[in-house]
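Step one of this worksheet: look at the structure below.
Bear in mind that the values in this text are calculations on the coordinates, not laboratory data. All values derive from a computational prediction rather than experimental measurement. A quick note on method: Cβ atoms are made from the backbone with ideal geometry, for glycine too, and the neighbour counts reach across all protein chains shown.
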């Protein structure tokens with residue numbers, strides 16, 4: 001299984017920003033497209049199966 005880094009989404013423009021790209025820019029939390037400083041973490045689509053009793 002290949003491990004992928006955390007991906008963030010810009011609140012303003014909706015661009016996907018990987019955490020590796022943020023580290024390359026000095027660790028600054030900023031959108032690489034529009035420069036907005038509010039990013040939200042995208043949760044992976046994990047399906048949890050719960051057994052019904």
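Would you calculate a helix-derived [θ] at 222 nm for the chain, using -39,500 (n - 2.57) for each DSSP H run of n ≥ 4 and dividing by the full residue count, to the nearest 500? Walk me through the numbers before you get to the answer.
Details: 1 runs with 6 residues, N = 53.
Result for the chain: -2500 deg cm²/dmol, rounded to the nearest 500.
Here are several values of Rg/Rh (Cα atoms, Kirkwood Rh): (1) 1.02; (2) 1.17; (3) 1.06. Which one was derived from the coordinates shown?
(2)
Go ahead and collect, in residue order, the members of the range 8-30 whose backbone nitrogen is under 13 Å from a label point 7 Å along the Cα-Cβ direction of residue 38.
Under 13 Å, as judged by backbone N against the label point of residue 38, lie 10-14 of the range 8-30.
Run the numbers on the chain and let me know its relative contact order in percent, using alpha-carbon pairs under 8 Å that are six or more apart.
On the way: 60 pairs, mean separation 17.9, N = 53.
Taking the mean separation of contacting Cα pairs over the length of the chain, I get 34 percent.
Stretched out fully, how many nm does the piece from residue 13 to residue 48 gain, at 0.36 nm a residue minus the Cα gap?
Working: separation 35, 0.36 × 35 = 12.60 nm, distance 3.04 nm.
Full extension of this stretch gives 9.6 nm more.
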